[in-house]
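Shown next, in structure tokens, is the structure this report addresses.
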Amino acid sequence: MSGASDDPAVVAAATAALELIDDGARVGLGSGRAAAAFVELLARRVRAGLRVTAVPASEATERLARGLGIPLIGLDEDVELDLTVDGADEVAPNLDLVKGWGGALVRERIVAGASRRQVIVVGSEKLVAALGQRGRIPVEVIPFGRAPAERRLRALGLRPDVRMSGAQPFVSDNGNLLLDCVPEAVLADGQAARALDAALRAIPGVVDTGFFLGTAERVLVGHPDGRVDVLERR
């Protein structure tokens, strides 16, 4: 997650997200470059006296937050987070998302589901006219079910490729594989995204998908000049 603070657009959006954090808040920390920028900014506020506790959505985010001195807690039964701040790989006009290019989609969904609000931090390059425009849609699968899942994915009109880490398959924090699935065409609308998401989840061995549909309360879009556009779900 290095280099997160080098992008002025992402830093601008992460700074705007920081203004949503109240003293005493319980915060979900997403994964990826935008989330890392937010974690770095939040840590500065913590060192200045802001009281927060946080739940990280990946092992990488946990290492970063712990190293910067942010107090961490687990998702116990009585823990409800005030909000989660995370990034996204695609943002549609209705604020439906594709996430998971960084590989932490399952834990990101769990943390978001334990939160009252999900706030997304992106640069303008992540805005798309329709989901699938930037290419791959991640699908996390149990290794034992990889080959049958690939057959079913191809039958749905997708081109699945096993994500690699060097010469070896990428393994998620949950011990699973990621299949990056390229659709034949962009998805026509939110209804098409929901239909495809349901079809993917019906495949035995599929743990989760990169579709985050209807989860974001707002999206903060940063620009290199420091401007931030606030997009809110209707």
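Name the single residue, out of those in the range 215-234 being part of a loop (DSSP other than H, G, I, E, B) and surrounded by fewer than 14 Cβ atoms within 10 Å (Cβ to Cβ), that is nearest to the chain's Cα centre (by Cα). Before the answer, list the steps.
Quick first cut of the range 215-234, residues part of a loop (DSSP other than H, G, I, E, B) only: 215-217, 223-227, 233-234.
When the remaining residues are screened for being surrounded by fewer than 14 Cβ atoms within 10 Å (Cβ to Cβ), the result is 224-227, 233-234.
Details: Pro224: 22, Asp225: 24, Gly226: 22, Arg227: 22, Arg233: 17, Arg234: 21 Å.
Ranking the qualifying residues of the range 215-234, first place goes to Arg233.
Out of the range 144-188, which residues are assigned to a helix (DSSP H, G or I) and either within 17 Å of the chain's Cα centre (by Cα) or closer than 23 Å to Arg134 by Cβ (or both)?
Scanning the range 144-188 gives Ala149, Glu150, Leu153, Arg154.
Tally up the residues in the range 60-105 that are in a helix (DSSP H, G or I) and either within 9 Å of the chain's Cα centre (by Cα) or among the basic types (Lys, Arg) (or both), please.
3
Of all residues in the range 182-196, how many are surrounded by 15 or more Cβ atoms within 10 Å (Cβ to Cβ) and touching an Asp or Glu at 6+ places or on another chain (Cβ under 8 Å)?
2
When you go through (1) outside the structural domain of Arg218 (by TED's automatic domain parsing); (2) within 24 Å of Asp173 (Cα to Cα) one by one for Arg151, which number turns out not to apply?
Failing condition for Arg151: (2).
Name the residue, out of Gly123, Gly102, that is within 16 Å of Arg33 (Cβ to Cβ) and either buried (at least 22 other Cβ atoms within 10 Å of the Cβ) or acidic (Asp, Glu) (or both). I'd like the intermediate steps shown before the answer.
Numbers: Gly123 fails: either buried (at least 22 other Cβ atoms within 10 Å of the Cβ) or acidic (Asp, Glu) (or both).
The unique qualifying residue is Gly102.
Taking Arg151 and the conditions (1) within 21 Å of Val106 (Cα to Cα); (2) surrounded by fewer than 21 Cβ atoms within 10 Å (Cβ to Cβ); (3) of a type outside the set (S, T, N, Q), which numbered condition does it fall short on, given that it satisfies the others?
If we test Arg151 against (1) within 21 Å of Val106 (Cα to Cα); (2) surrounded by fewer than 21 Cβ atoms within 10 Å (Cβ to Cβ); (3) of a type outside the set (S, T, N, Q), just (1) comes out false.
The values are calculated or read from the model by the stated rules, or taken from the named source; none is laboratory data. What you see is a predicted model; the values in this text were computed from it and never measured. Glycine also receives a Cβ, built like all others from the backbone with ideal geometry; neighbour counts cover every protein chain displayed.
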